[in-house]
Structure formats: structure tokens, C-alpha cells
1. Using mean Cβ contacts within 10 Å as the protection proxy, how do 62-71, 116-125 order, highest first?
2. How much length, in nm to one decimal, is gained on full extension between residue 68 and residue 107, taken as 0.36 nm per residue of separation minus their Cα-Cα distance?
3. Take every Cα-Cα distance within the chain, group them into 5 Å bins from 0 onward, and report for each bin the whole-number percent of pairs it holds.
4. Hey, what do the phi angles of the range 108-115 turn into as Karplus ³J(HN,Hα) couplings, whole Hz, using 6.51/-1.76/1.60 and θ = phi - 60°, x for Gly and Pro?
5. Towards the positive end of the charge dipole of the chain, with charges on Cβ (+1 Lys, Arg; -1 Asp, Glu), say which of 91, 145, 55 has the farthest Cα.
6. Around residue 133, which amide H atoms from residues at least 5 apart in sequence, or from another chain, sit under 5 Å from its own amide H, with H modelled in the peptide plane?
7. Amide H of residue 90 versus every other amide H placed in the peptide plane: which residues, excluding those fewer than 5 positions away on the same chain, fall under 5 Å?
8. Determine ³J(HN,Hα), in whole Hz, for all residues of the range 166-183 in sequence, where each value follows from phi through the Karplus function 6.51 cos²θ - 1.76 cosθ + 1.60 and θ = phi - 60°; x replaces Gly and Pro.
Amino acid sequence: MAKIKEIERTPNPDAMRFVLDEPLTNGTTRSFESSVEAEGDDLASALFAIDSVINVYYVDKYVTVTQDGKAVWSELLRKLAPPIREAEPQMGVEDDSEVHVSKEAQESDDPRLIEINKMLDEQVRPYLLADGGGLKVLGLEENRLKVHYQGACGTCPTATTGTLYAIESMVRRVDPEIQVISV
């Protein structure tokens, strides 16, 4: 049973991050954008059963829940806490191979995409995780890099402006012609 150590605000006013005493996963990231996607995951399914929940993202000892902006956080937090406390560790669960990079992007032999993913792993994803979210690379078509924000970053106003601009600046060191598109 998970014990909630802290509840932290994220840069996204519609997302909160729960910090647990013990990890739920051992480095495995889980990201869900609907109750349908959450089928088979007890924690995510329980959280989506609560009105206003639109996104569940968790890794190690961090659980981020995003709401639709209609709920009052003080009331919603009281509903979210029990399923998080009751969550069982999932140490044996394998990482979704597409949680950070789509299958299409993984199969690409474009050296630019390989370098971009390495850069994102080292310089971007750790910071997004600290804010309760992540980033998935969907693909590189010609000079258009498609990315998808996860967790708290998915509906965060700064993700689609400041963070996207910073990622594009970094990516342009690999190829100055690349444009980054958030989808």
C-alpha cells in the first residue's frame, strides 16, 4: 500500500503530482489519456472512475493526475488519495516500449531522430518528469518532428509555448531546418 509523502502543484494548474514514500514502478512509466487506455491498469482505472480526471501519468514514486478544470482541487484531492494509497507496487510490469517514442520513430534509421531522442532523454525528459509529465516522440517526417506531451505537460499552457520553443532550439542544433510540432 502506497503512502503519500507530499502533494505538489505542477506548472499546469489542472494537474497535481503525488509523491509517494515507496515506488509503484521500478523506472516503468505509465501514461493514460482515457479510461479506455487505462483498462487493465488498476490504479489508472480507479482514478479515471473519479469525475473530472482526464489524464493519469506515473513512474517510480510519482503519480500525476490531470483534471478537466471543472473540479475544486481541495475536493478532488480527497477523492484521489484513497486509490493512490491503495495502489500496489508494479515492479514486474514491463515498460510500454512506446511510452517515450512511437514504434514508427523507434524503427526509423534517421540519424537525426536517434540524436534528438538521446538529447531529449538527457536534457528534456528529466525536467518534464520533475513537473509531473513527459514527452513522446511520434516521428520525424522530412523536417517536421512530431511530439506529444504527457501527464501534466499535456494540457499545460507553458508546454505549448516555452517548452516547445526550447525543444525546437535544441533540435535545431541537430538540423536547423527541423520544426517541432506538438500534437
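1. Sorting 62-71, 116-125 by mean packing, highest first, produces 62-71, 116-125.
2. Using 0.36 nm per residue and subtracting the Cα-Cα distance, I get 10.6 nm.
3. 1, 8, 17, 21, 19, 14, 10, 6, 3, 1
4. So the Karplus estimates, Gly and Pro as x, are 6, 9, 5, x, 5, 5, 4, 5 Hz.
5. Sorting the options by dipole projection puts first 55.
6. The answer is 152, 153.
7. Close amide H contacts, sequence-distant or interchain: 25.
8. 5, 5, 4, 4, 5, 5, 5, 6, 7, 8, x, 8, 6, 10, 9, 10, 8, 10
Throughout, read-outs are computed from the coordinates displayed, never taken from laboratory work. The model shown is predicted, which means the values in this text are computed figures rather than measured ones. Neighbour counts run over all protein chains shown; Cβ positions are idealised from the backbone, glycine included.
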